[in-house]
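Engineer: Can you keep this structure in mind? I'll have questions shortly.
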Amino acid sequence: MKYIYFSLCLLFSLLVTGCLQQSGETTSGLFQKVEVGKSVNVSCFVVEPNGSLWMGLDGEGMAYRETQEKPFQFYNKLSGTLPSDVVICAFKDSQKRIWFGSFGNGPFYYQNGAFHTPDNESLRTSQLDYVSGFAEDSQRNLWIATMKDGLFCCDSTGRVSVFNKDNSPLTTNFIADLKYDSDTLFVATGWGMFVLDTKTKIVRPLTDQQGDDFLNRQMVRIMEVGSDGKLWMGTRSGLYIYDRLTQTYTRLTADDGMADNYILALGRDKQGNIWAASEHAVTRVVSDGTTFTCNAFSPDKNMGDVTFHVRAVTCMPNGDMLFGSSKGCFSLSPNHLQTEGLSFSWTRTAILVLLLLGCGAACGWGVKALRRKRTTASADFPLEKTVPAGREDETPEDKPLNRYADIEPSAVEVTSLDMQLKEKAIRIVQEHIDDSDFSVEDMSDAIGMSRAHLYKRLLAITGKTPIEFIRVIRVKQGRQLLEQSGESISQVAYRVGMSPKQFAKYFKEEYGVLPSEYMKNKQ
């Protein structure tokens, strides 16, 4: 009987496929590659009201397009226009300055046709070398997030104040993202979620109705404020939507139709829908205020292994969504999704109607069974999953519980005679692990050995040159961070002194797979 049952179900599916015609766009071809003119790794965007587009690039500086018809112009450190080629975040303030945060060279801004470093000497400190986000409040105070030294505030008089784990309730100095709304600064960190009253400067954890810090110890990577004022937060364990009025939250995961639990970037389209980017796919979340409906989409396979980036989502004036990735920039038009639908071909229906009637009852049972199994979203077709608002899932048991105290990179096999040099070299590299400018000269000075002598000794002991040795330690410590910290690949890369592009390249050289593949295999 079960063979007859499944045969009838298959027949029904074939008949429906023959009778139904797809109208409008399908998920195939929804993503379109934006022609930039060369291979780029896109990490952030700023869109002007007139459609002008700025793209921060990981390793290549910056690209700018005045209109969609004009080609991109490129700016980089080599040309002398930028202080850094690794641009990881961007923000436009009320004075029409476009701020950019770099990895290793601090903040800078664009105004009146030129790039500038801050005039304020307090904003040129090394504590601001690794900028991860910006925000501006109603008093025109500029807030700057850093990956190492906490949160900075520059007021209208130029006075700079600092909020960190030593002088505030912040539990870490790693600030991942900032969002401002109605005298409240939302602060996403590598160790929980916080809110700061911009008038009183009081910092406190974000809590729910019961007063619980429900994101305690979780890495909150990215945020977006919805059109209804709800706060959307991307974590490694799903997407959280926080209702500020009721102090309740809803958590969406892959079981609810999300493409993945690892949320890297968030953006809002012109209809108020939220788009969440995971590593290899994106999810549109539509809310009517009481429920959330998820649809997942991914680029066509012929576009290669596209890895989307942290912060790299924006909406263009025409409504198109842009997503930054390791393979460049991709656009997706939500208008195409709205026109999707199924329409009957009555000619085919008339021809097949007798067969449909003959297996109608059995096919009805088959459809019900199939529908019960359609519970998650496919990356190749947008199956919908609707979740009620206010559903509070239990906090995941696998959220990160350590802060790198026990990290020891894998040791290179050496003889006991060289153990002292090996241990000293590893210790020195670890002490400077997040310093992207740490060089072989710095290493030889710290060890007390000439560069030539160090080169010969390390090559003899490990088979690697000093620069390769430093790179291996960075990659191995990055691997352990990926396994233990729960942070994104990009954040781990920055923590070990590399850009995400460099980390992915050398990780694959060391382990044979990309970091994303490695983590999937570990799950």
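The values are calculated or read from the model by the stated rules, or taken from the named source; none is laboratory data. Predicted model, so just to flag it, every value in this text is computed and none were measured. Counting neighbours? That spans all protein chains shown, and the Cβs are built from the backbone with ideal geometry, glycine included. In case anyone asks, the SASA skips ligands and DNA or RNA and just uses the protein heavy atoms, side chains included. Shrake-Rupley method; radii C 1.70, N 1.55, O 1.52, S 1.80 Å.
Engineer: When the solvent-accessible surface of protein heavy atoms is calculated with a 1.4 angstrom probe, in what order do ARG471, ARG268 fall, highest first?
Structural biologist: Ranked list, largest accessible area first: ARG268, ARG471.
Engineer: Apply the Karplus curve 6.51 cos²θ - 1.76 cosθ + 1.60, θ = phi - 60°, to the phi angles in the stretch 156-166 and return the couplings in whole Hz, x for Gly and Pro.
Structural biologist: Karplus-based 3J(HN,Hα) across the stretch 156-166 equals 5, 8, x, 6, 10, 10, 10, 10, 9, 6, 8 Hz.
Engineer: What is the calculated FRET efficiency for SER39 to ASN335, with r their C-beta to C-beta distance and R₀ = 35 Å, to the nearest 0.05? Walk me through the numbers on the way to the answer.
Structural biologist: Details: r = 29 Å, r/R0 = 0.82.
In this case the efficiency is close to 0.75.
Engineer: Further question on the same structure: Run the simple label-point estimate for ILE467 and ASP212 please: 7 Å along Cα→C-beta, distance reported in nm.
Structural biologist: 5.2 nm
Engineer: Could you check the simple spin-label distance between GLN420 and THR117, using points 7 Å along Cα→Cβ, in nm with one decimal?
Structural biologist: A separation of 4.1 nm, rounded to one decimal place.
Engineer: Additional query: Taking the mean number of other Cβ atoms within 10 Å as a proxy for protection, how do you rank 419-429, 87-97, 67-77 from highest to lowest?
Structural biologist: 87-97, 419-429, 67-77
Engineer: Still on this model: In the stretch 430-523, which GluC sites (Glu not before Pro) are in a loop and have at most 11 other Cβ atoms within 10 Å, using DSSP for the loop call? Working shown, then result.
Structural biologist: Values: sites: GLU431, GLU441, GLU468, GLU483, GLU487, GLU509, GLU510, GLU517; in loops: GLU487.
Qualifying residues, ordered by number: none.
Engineer: How would you order 278-289, 187-198 from highest to lowest mean count of nearby Cβ atoms within 10 Å?
Structural biologist: Those peptides, ordered most packed to least, come out 187-198, 278-289.
Engineer: Which order do you get for GLU136, GLU121 if you rank them by accessible area with a 1.4 Å probe, largest at the top?
Structural biologist: GLU121, GLU136
Engineer: With a cut-off of 14 Å, note down the residues of the stretch 423-437 whose backbone N falls inside the zone around a label point 7 Å from the Cα of LYS522 toward its beta carbon.
Structural biologist: Answer for the stretch 423-437: none.
Engineer: Collect residues whose amide H, placed 1.01 Å from N in the peptide plane, falls under 5 Å from the amide H of LYS92; neighbours closer than 5 in sequence don't count.
Structural biologist: TRP99
Engineer: For the stretch 223-345, compute the orientation-averaged projected area of the C-alpha convex hull (one quarter of its surface), in nm². Write down the numbers at each step before the final one.
Structural biologist: On the way: hull surface 35.3 nm².
Approximately 8.8 nm², given one-decimal rounding.
Engineer: Rounded if a/c is under 1.5, else prolate if a/b is larger than b/c, else oblate: which is the stretch 183-252, with a ≥ b ≥ c the root eigenvalues of its Cα gyration tensor?
Structural biologist: rounded
Engineer: Enumerate the lysines that LYS501 could reach by cross-link, defined here as Cα to Cα under 20 Å, with residues fewer than 8 away along the same chain left out.
Structural biologist: LYS33, LYS38, LYS77, LYS327, LYS476, LYS520
Engineer: Enumerate the amide H contacts of SER132 below 5 Å, restricted to partners 5 or more residues apart or on another chain; note that Pro and chain-start residues carry no placed amide H.
Structural biologist: ALA145, THR146, MET147
Engineer: Sticking with this one: I'd like the FRET efficiency for ARG427 and LYS508, computed as 1/(1 + (r/R0)^6) with the beta carbon distance as r and R0 of 22 Å, rounded to 0.05.
Structural biologist: 0.25
Engineer: Apply the a/c threshold of 1.5 to the C-alpha gyration tensor of the stretch 46-93 and tell me whether it is rounded, prolate or oblate.
Structural biologist: Since a/c reaches 1.5 but b/c is at least a/b, the shape of the stretch 46-93 is classed as oblate.
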